[in-house]
1. Taking K and R as +1 and D and E as -1, what net charge do the other residues with C-beta under 15 Å from the C-beta of C:E64 add up to?
2. For all pairs of alpha-carbon atoms in the range B:114-225, what percent lies in each bin of width 5 Å, listed from the first bin to the last filled one?
3. With viscosity set to 0.890 mPa s at 25 °C, what whole-number translational diffusion coefficient in µm²/s follows for the range A:247-349 from Stokes-Einstein and a Kirkwood radius over Cα pairs?
4. Could you give the angle, 0 to 90 degrees to the nearest 10, between helix C:130-159's Cα long axis and the longest principal axis of the Cα atoms of chain C?
5. Which of rounded, prolate, oblate describes the range C:141-202, given a ≥ b ≥ c as roots of the alpha-carbon gyration tensor eigenvalues and a/c under 1.5 marking rounded, otherwise prolate only if a/b is larger than b/c?
6. Above 21 Å lies some portion of the pair distances; for the range A:64-129, what is it as a whole percent of all C-alpha pairs?
7. Semi-axes of the equivalent ellipsoid of the protein assembly as shown: what are they in whole Å, largest first, if each equals the square root of 5 times a C-alpha gyration tensor eigenvalue?
8. Among C:22-28, A:294-300, how do they line up from the highest to the lowest mean number of other beta-carbon atoms within 10 Å?
4 protein chains.
Amino acid sequence: MNEPLGPSLDRSLAARYRAVRAHTEMLVHGLSEADCQAQSMPDASPVKWHLAHTTWFFETFVLESHEAGFQPHEPAFRVLFNSYYHAVGDKHPRPQRGLVTRPGLAEVMAYRQAVDARMAALLAQAETHAELAALVTLGLQHEQQHQELITTDFLHLLSLNPLQPAWRSGVPTAAATVPLEWRAFEGGLVDIGHAGEAFAFDNETPRHRVWLQPYRLASRLVTQGEWAAFIDDGGYHQPRWWLAAGWDWRSALGVEAPLYWQHDGTAWTVFTPHGRRPIEAEAAVRHVSLYEADAYARWAGARLPTEAEWEHAMVRTGGTLPQAHGVAWQWTASAYTPYPGFRPWAGAVGEYNGKFMVDQTVLRGSSAATPPGHARDTYRNFFPAAARWQFTGLRLARDA
Amino acid sequence: MNEPLGPSLDRSLAARYRAVRAHTEMLVHGLSEADCQAQSMPDASPVKWHLAHTTWFFETFVLESHEAGFQPHEPAFRVLFNSYYHAVGDKHPRPQRGLVTRPGLAEVMAYRQAVDARMAALLAQAETHAELAALVTLGLQHEQQHQELITTDFLHLLSLNPLQPAWRSGVPTAAATVPLEWRAFEGGLVDIGHAGEAFAFDNETPRHRVWLQPYRLASRLVTQGEWAAFIDDGGYHQPRWWLAAGWDWRSALGVEAPLYWQHDGTAWTVFTPHGRRPIEAEAAVRHVSLYEADAYARWAGARLPTEAEWEHAMVRTGGTLPQAHGVAWQWTASAYTPYPGFRPWAGAVGEYNGKFMVDQTVLRGSSAATPPGHARDTYRNFFPAAARWQFTGLRLARDA
Amino acid sequence: MNEPLGPSLDRSLAARYRAVRAHTEMLVHGLSEADCQAQSMPDASPVKWHLAHTTWFFETFVLESHEAGFQPHEPAFRVLFNSYYHAVGDKHPRPQRGLVTRPGLAEVMAYRQAVDARMAALLAQAETHAELAALVTLGLQHEQQHQELITTDFLHLLSLNPLQPAWRSGVPTAAATVPLEWRAFEGGLVDIGHAGEAFAFDNETPRHRVWLQPYRLASRLVTQGEWAAFIDDGGYHQPRWWLAAGWDWRSALGVEAPLYWQHDGTAWTVFTPHGRRPIEAEAAVRHVSLYEADAYARWAGARLPTEAEWEHAMVRTGGTLPQAHGVAWQWTASAYTPYPGFRPWAGAVGEYNGKFMVDQTVLRGSSAATPPGHARDTYRNFFPAAARWQFTGLRLARDA
Amino acid sequence: MNEPLGPSLDRSLAARYRAVRAHTEMLVHGLSEADCQAQSMPDASPVKWHLAHTTWFFETFVLESHEAGFQPHEPAFRVLFNSYYHAVGDKHPRPQRGLVTRPGLAEVMAYRQAVDARMAALLAQAETHAELAALVTLGLQHEQQHQELITTDFLHLLSLNPLQPAWRSGVPTAAATVPLEWRAFEGGLVDIGHAGEAFAFDNETPRHRVWLQPYRLASRLVTQGEWAAFIDDGGYHQPRWWLAAGWDWRSALGVEAPLYWQHDGTAWTVFTPHGRRPIEAEAAVRHVSLYEADAYARWAGARLPTEAEWEHAMVRTGGTLPQAHGVAWQWTASAYTPYPGFRPWAGAVGEYNGKFMVDQTVLRGSSAATPPGHARDTYRNFFPAAARWQFTGLRLARDA
């Protein structure tokens, strides 16, 4: 691997391509073929599938349209590693991704290398070919999203293993947090959304005007210690804190704590990449659903911020708000709907984001699993209200 | 029955109480005990349950707190006819409402009469007792909502009868529609939501400011003839028009047309309160899900309006937009979330609306099944994206 | 009603027809239209459906082939009230029987009377028309089976009503039971199955030879008091007593006692036609699945008898074994498979029994809900291993 | 590997142990770790699990009770690789076997080798220790059963791969079959079941007397060509041939042909260990459910034989009936119930067979996947009526 994803002298697209691709492979270093094969649930994908699908993305959306005399690496892969792009054609059923043992991991790695070699030839031209450069950049952003999914999906797989194996060795350094403060914002007529030349997903655009009433935002995320107090106070057993759908969800599944939390009779533990460990009172709570986040906020006499409130606060504080990024995605009160004037990208990549704009909730920020350089204040992550296997937490808000 | 729901000389609360309660009973006139017993699906309720639950609402939220020496009509009814108010206590499971054959219809009608008699005594004081008047008014609005549900739920039940029986005799007069025009609105900083003393649900408040970009709104609803053209053009078979969740829904259920539509080999028919009849090209399409409405809009090169766009247009046009009310609820592009500064009502009635603010979509206007006097421009109806058994249609919008 | 089902001076087929039909109507006397409408689960049917289907049987299998100038009472009923006879054509889906509110109960009763009147004309000839007489007799046996189902299905419906209403007034006289004795049988080469001219279902034939090893049979059924001892001994929590499928069933559903049993903290109660009542230690246990019966037998150091053992014992003891009939159907160790040389009846009625000969277990005897005159020692009742809403109990057996 | 499973000079238990264990490893030769990891459905298990579970069987039932100073190889394996023995304790949920990526394949192979080494020491004593020898023999028979499952489960996994990869190279030699003849048997009082000192499962005992009526048995299995004629004649679309449960199963799943059969527009193909290939008219049909076998027999004017008829015919013909073994398991008309006087083995291994004696149907013979030396005429295989992923076919019978 050439370089870490941090600062680099070579800022060319080709260099960025190599760095992102290498980061993926570094991430899965040490995983066995079995580790890469298994699929823990329909929402998650096997690591091997992530490795292949990100490669498929470059082959299908870059090579196929820009490489002279394009020939597919293996025609069957077009269907096998398509995720959901109807414009590309058929796709293999998502819940059966873990059953595809052939091609094996070695063949998928060879597929990566073959596409990388072909991409290298194209990338030489990309600097002066804006459309090509845009597609490559999209492919890299896409691969970074799958880097996060590799982490969350593989952690979920390990969590179901009764041996509770650790993925990472060592013990993480203990978190230290800051006292909770309420930062006040005046609101008014503000602009949110992405503008400018730098990369952003289509769903972050267009930049547009919204009216915000005055509000306050918590200076940091809710901690595991605070969450334990919510549990101790019977928070999971009092319907008054919960949305009706949340209470039904909680009752049907018998949810009593965040995902990966277990009580051993004495104290709470949580399954992490370092194996099962005691919870850390000072660290941000993670792996909570929107339902839980919303119930907690109500119990705490607060509410979740809207995504506009969140983004405006980040801009106004110039990134000085603790824990804005790199800890946990933060559930908002905003449903994932199009910005006024939203236009999906043209072509098949237009299915990237716009297709999902119903019954999902926006999360802002980024998490410990988000790769370096991928986070943005205007970023709109989204998941169904019941999702918990991502690194999802919350920050409170209040009316002024 | 004392009087129609139209203009009346007696505008007292007592008179309104009598009128609304009588309207419910007029609505179910002619239904057999069997008709009132059956429950067609978990989302729908038996007519008998509606008759009892609306009565339970007055007993529980008005009599119990305001009647001296209150004694329950029948203690078991408190649980049996509770819909979802956790603050009131347990409730009978919703999918089993159709299995409660005892109490029978006669006992439920006796329950209605007994509560009406006790309410009459209270209502004499209500004019000068603001809190009591507010609760009674809420109860009447609540009963009107159930009047609409009686219609939609019973129509759904009949639709599943292989004999396709007609509920209403006669043939409705043919609809005539107006040419589609695009009305332009400038937008800007506008106010939406309810203000003032007249009744509104808590979810319509507080009135607040929003920024609207210029937009255009169709002058009328999408018609059945237009919808048939969408079908003929293969609209139900092209994933590009559909949200991903919508396409999955459509594919899993094999949806090919609006609910109640059938093709007899020659032409489309639709099941209505007057039995199965040919579709009417000029009439508004009804019984479509949000998924279908959204797909249609995309196919038509348009989009659904936000609820703020819809409400602002109604206010600006002073109610002169054809088909604003009384035809079909109109799906919007807005998820059902709280207005800025929203506060649910205090007490158990606070569970009325706020508990449902996730994974639901707002509909505006009102339908042919909405009782007279119940519609408002600020009214926020809401249903899950897949719901079709309500009288749900759509009006298109476009960016300016 | 003309006469009881007991001894009668008029033994003609016409008299028997009137008696059986009248018994059905006596059975449902006092039920409301709502009581007759509701369907408590897919395995059970509404009372109204039973009333119509038994009539449909006579119309379809007797009138249609033997009445000159046959015209259907109502053509739609052919599909609506068909249970499963593919040779007759389509059928209405079983789980939706409770949704057919039209025709109403009065129309169904009119259907009964119309068919009865047309049958009366035919029955005058039946005495000298063997094939006709056989079909009428089958129709009467069929209706008697549905009489038992009316009882079990309606009891199940009432059991789900949170008010736990009693169907029958008064209190049943307390049961008295006899001490358990083990009756020894030598076995050897014996004949079982029906022979002779009297009516029997096709599945009881042909009479055939089987070899039985010596065995012992309990003199009476297992009692509720004995069952309570099984519960107290942890019988529902020790997998060693249970078949694998039975343990899975028990664990998945959390079964802790027979159907309709509840523990009020002090003692067991059971829901009966007389409402919820204390269990009776001396009375036979009822409403147990095959899984439970088999587990109990193992716990008691015994086993269930085969159907051949059961039938042979009844023949050898000449009906003197206590509780042989009229208390509870008795689960056997025999799967429901065809007798050697079995031939289903010709025509559509051949679907009556033979279609179900897989994954069902034979029960012998008859129950308190079996109508007078319907029981036979050769009778083969059959239900899936998990069924509990019938009056099902058990009698133990042991190797000699 | 020391030797093939065929004739050997060394007939010691130790030699047989080595041969059976080596056969398992030969069977999975060439499979990747991914191939060994995936689980295609809850009824099937990963190859890696089979490799571990067969080893667990020896560790738990032989080493634990007979090895001095026994220490578990890895305590967690006791739960992880238990299949269903409640007497042993907890077990890992069957549908999640494919999610256990750690231990990896190498660790499982090391587990095999470690247990083999410890077994070698014990086996030296086994020749003179009857109880130990019996347990080892049971373990070997058990492992042979899992050898067959490795084949059927892995074939099922490959069949779901859209690339339809071949497991075995080359092309099998074409089958040749014999003309169908009907062999007559007189029946009478005959003995069936296992007797003597040679190994048999407990469910094959005790040998006992049954009465058989005269019958005829087909000289060979039903062929693929005959099955194609059944399909061509509309056999899958005529309910009259089907058991009610079979028709429901067929209709719900849209079954149109045996498992692994596909029609490419011109002809039928079938997925086999050699990949997807044309069907062979002369070869025995395989991968049919009991429902299909029973329907076919009825269509052919025949029936399935009972297991007693099958076994008696094999004994009387002295193994000269073509295709008795080694082609396909043959569905019978017999439900899997205990033989008269059946006693399960003592201890935890008593759960081996007796726990499953409900709602399963007996199959007789053996299949192409049955390992050499494992078949017996008294062998009672059993599967649910809908199972098709085994090599299951049928032989017809008729009354004399």
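The values are calculated or read from the model by the stated rules, or taken from the named source; none is laboratory data. Given the structure is predicted, the values throughout are model-derived calculations rather than measurements. Please note: Cβ atoms are built from the backbone with ideal geometry, for glycine as well, and neighbour counts cover all protein chains shown. Side chains included, ligands, DNA and RNA excluded: accessible areas come from the protein's heavy atoms. Shrake-Rupley method; radii C 1.70, N 1.55, O 1.52, S 1.80 Å.
1. Residues close to C:E64 contribute a combined charge of -2.
2. 2, 8, 8, 10, 12, 13, 14, 13, 10, 8, 2
3. The diffusion coefficient I find is 146 µm²/s.
4. That works out to roughly 50 degrees.
5. Oblate, since a/c reaches 1.5 and b/c is not below a/b.
6. So the pairs more than 21 Å apart make up 36 percent of the total in the range A:64-129.
7. Taking √(5λ) for each eigenvalue gives 57, 49, 32 Å, largest first.
8. A:294-300, C:22-28
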